[in-house]
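Asks: Here it is, the structure in full.
The values are calculated or read from the model by the stated rules, or taken from the named source; none is laboratory data. No experiment lies behind these values; they were computed from the predicted model shown. Every residue, glycine among them, receives a Cβ derived from its backbone with ideal geometry; neighbour counts consider all protein chains shown.
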Protein chains: 2
Amino acid sequence: MMQAQAEKAAASPLLVVGSVALDTVETNRERREDILGGAACFSCCAASFFSPTRLVGVVGNDFPTAHEDFLRRRGVDLAGLERVPGRTFRWAGRYAADFNTRTTLDTQLNVFETFRPKLPPAWTESPFVFLANIDPVLQLGVLEQVRRPRFSACDTMNFWIGGKRVELLRVLARVDMLLLNDEEARQLSGCASLPAAAKVIAAMGPKAVVIKRGDAGALLFQGGDVFAAPAFPLDGVVDPTGAGDSFAGGFMGCLAGAGDTSPRSVRSAVVAGTVLASFCVEDFSLDRFRTLDQAQIRARLAAYAELLRFEVPRF
Amino acid sequence: MMQAQAEKAAASPLLVVGSVALDTVETNRERREDILGGAACFSCCAASFFSPTRLVGVVGNDFPTAHEDFLRRRGVDLAGLERVPGRTFRWAGRYAADFNTRTTLDTQLNVFETFRPKLPPAWTESPFVFLANIDPVLQLGVLEQVRRPRFSACDTMNFWIGGKRVELLRVLARVDMLLLNDEEARQLSGCASLPAAAKVIAAMGPKAVVIKRGDAGALLFQGGDVFAAPAFPLDGVVDPTGAGDSFAGGFMGCLAGAGDTSPRSVRSAVVAGTVLASFCVEDFSLDRFRTLDQAQIRARLAAYAELLRFEVPRF
């Protein structure tokens, strides 16, 4: 069983390119300084429960080796993590009491400013590729280094939609899926309605579009097919940082682990992403992933199926 | 079959008490003046597809008889609709382009100001009762006129939660279910988290709580059981007025029609409410209900089941 799982998993590693950061997070209850963060870390960690994962990113010489040890223990291959002189990327933000709005207090690109992702030669054949939210120019640079992945997905943000639209469109023409939030979908498409926005975005290239809506869940559009995945309701959210990245990582890891990119498998992977995001927000930083195990994930997947179970009314 | 359906439906009529209004609605595309509105109209109309429905409300002598004719054609019993000298309740509002925020431009209570709901004697035995959003003092007055209904539900709003809390708590101690939106749930409970809010509200009396979140869907809490019903994604919303009332009406009508108040049946009824709300917003006023039929409802219920269908990921 373990052998079969390892073989299957070994067949489809996931490459993740994105930020590795030290975050300072303030909620209405607590403040945490210089904790492990960054889209690539959340995504790799969430994915690592489903598939072998490869991280491409950069840190400064102030990055604690304990964080690298943690990622390695989670099975994340760090052969693509550069360590360069200077300070690690830093982000600081504050959340409102209901966690629905956040204010960025500080962003210091530091070593991330001159980051040019360079894949270890063996990784250019990665069958699954996730381009986390970075400059679309860098995303394109990664796509030029990989040989026709089986499935590629990217994230983006308002800053690139507004400032590097041409480059972003070039990325979109080459990836299988785009994940973005509702406001970004509206900005990119010019449509207020999300189904209409998804259609416009699909016409830019990606055959699947996931619109993330925070605690309102996610919508998956694949051609004419729509899947609605509500968020898993939680009594107490501790820190929503990284929820979207954990969603993407859980999604891509599940897809890579299954080795199946059919629309049906993509729906299941969205559920995996939803559940991994729900774990992520239960603690600061990646801390919930330190104690999480597959049994807990399976239990929550079962609870999620129960959350959505209903009989069609007859009348 | 038709006979069986009629008999079953006849066994469990739904009583609805609430506002009947003439609305003026502005969207970014269009403005409509003095169109049929009011919570009781939307609720009764949505319910009428599932069960016989009884409306208790008040209108002025300016209320077009064509509106009464329409409601009667939908099978709504208007024996409890008072017509009194004066003007009908009027509401005017404007929606933002994405329909997520609305501004009330004008509210004229008119004949609604002195409304004291009085049930026709035969209606005091109504087995299903929905108290739409009105002064909790009036909701209590209705509960005192009905003899132990099988299932009662009420709606409310921020104005009563803030201004008539004691009276509202008296209502909540006596109903089986409360429907309210997320902001109202937070205000009533003092909890930012919706699952936590639902627990606090359930302790006030209602054994079921539905938290409506607009286009983010609804959450149903029944004891420890939670059901998430995402909204049905629509390409083009025309006018969201009455969506929440149509949800409540579809829900209560479905429950009354099924004659089954088990937790399983309540889940199915939430789906009916979700689907009726999705039809409501496709046109101004109650206009979509003028052409809607049971075949269209069944088709959308099937589409809704497809929207939520997934296989639990195996890994």
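Asks: Output the number of the condition that B:Cys254 fails; it satisfies all remaining conditions of (1) without any contact (Cβ under 8 Å) to a residue 40 or more places away in the chain; (2) at the interface with chain A (Cβ under 8 Å from one of its Cβ atoms); (3) assigned to a helix (DSSP H, G or I).
Replies: Result: B:Cys254 passes all but (1).
Asks: Return only the number of the condition from (1) buried (at least 17 other Cβ atoms within 10 Å of the Cβ); (2) closer than 23 Å to B:Val171 by Cα that B:Phe315 does not satisfy.
Replies: It is condition (2) that B:Phe315 fails.
Asks: Hey, another quick one. Just give me the residues in the stretch A:230-246 being in contact with a strand residue (DSSP E or B) (Cβ under 6 Å, 6 or more places away or on another chain) and more than 8 Å from every other protein chain (Cβ to nearest Cβ), in sequence order.
Replies: If the condition is that a residue be in contact with a strand residue (DSSP E or B) (Cβ under 6 Å, 6 or more places away or on another chain) and more than 8 Å from every other protein chain (Cβ to nearest Cβ), then A:Asp239, A:Thr241, A:Gly244 are the ones that fit.
Asks: From the list B:Phe284, B:Phe247, B:Phe232, B:Phe279, pick out the single residue that is closer than 25 Å to A:Ala197 by Cα and part of a helix (DSSP H, G or I).
Replies: None of the others qualify; the one that does is B:Phe279.
Asks: I would also like to ask the following. Please determine whether any residue of the stretch B:87-94 is assigned to a loop (DSSP other than H, G, I, E, B) and at pLDDT 95 or above.
Replies: yes
Asks: Which of the residues that make up the stretch A:124-167 are closer than 22 Å to A:Pro263 by Cβ, of a type outside the set (Ser, Thr, Tyr) and at pLDDT 95 or above?
Replies: Residues satisfying the conditions are A:Pro127, A:Phe128, A:Val129, A:Phe130, A:Leu131, A:Pro149, A:Arg150, A:Phe151, A:Ala153, A:Cys154, A:Asp155.
Asks: Any idea which of (1) touching a Pro at 6+ places or on another chain (Cβ under 9 Å); (2) within 11 Å of chain B (Cβ to nearest Cβ); (3) over 25 Å from A:Asp287 (Cβ atoms); (4) of a type outside the set (Phe, Trp, Tyr) is the one A:Ala208 doesn't satisfy?
Replies: (2)
Asks: Let me ask something else. Report the residue count in the stretch A:192-205 for those that are of a type outside the set (Gly, Ala, Ser) and more than 18 Å from B:Ala231 (Cα to Cα).
Replies: 4
Asks: Also, quick follow-up: Only one of these conditions is not met by B:Trp160: (1) farther than 24 Å from B:Ala97 by Cα; (2) part of a loop (DSSP other than H, G, I, E, B). Which number is it?
Replies: (2)
Asks: Is there a residue in the stretch A:266-288 that is surrounded by fewer than 22 Cβ atoms within 10 Å (Cβ to Cβ), out of contact with any helix residue (DSSP H, G or I) (no Cβ under 7 Å at 6 or more places or on another chain) and within 11 Å of chain B (Cβ to nearest Cβ)?
Replies: yes
Asks: Next question, about the same structure. Answer yes or no: is there a residue in the stretch B:186-194 that is small (Gly, Ala, Ser) and within 18 Å of the chain's Cα centre (by Cα). Explain how you work it out, then say what you get.
Replies: Quick first cut of the stretch B:186-194, residues small (Gly, Ala, Ser) only: B:189-190, B:192-193.
Then keep just the ones that are within 18 Å of the chain's Cα centre (by Cα); that gives none.
Scanning the stretch B:186-194 turns up no residue that is small (Gly, Ala, Ser) and within 18 Å of the chain's Cα centre (by Cα).
Asks: Let me ask something else. Here's a check for you: in the stretch B:176-205, which residue that is of a type in the set (A, V, I, L, M) and within 13 Å of chain A (Cβ to nearest Cβ) is surrounded by the fewest Cβ atoms within 10 Å (Cβ to Cβ)?
Replies: Filtering first and then ranking leaves B:Val200.
Asks: Now for a different question. Quick check, is A:Phe70 under 27 Å from A:Val146 (Cβ atoms) and in contact with a strand residue (DSSP E or B) (Cβ under 7 Å, 6 or more places away or on another chain)? I'd like the intermediate steps shown before the answer.
Replies: Values: under 27 Å from A:Val146 (Cβ atoms): yes; in contact with a strand residue (DSSP E or B) (Cβ under 7 Å, 6 or more places away or on another chain): no.
In short, no.
Asks: Please enumerate the residues belonging to the stretch B:105-128 that are of a type outside the set (Phe, Trp, Tyr) and in a strand (DSSP E or B).
Replies: Those that are of a type outside the set (Phe, Trp, Tyr) and in a strand (DSSP E or B): B:Leu105, B:Asp106, B:Thr107, B:Gln108.
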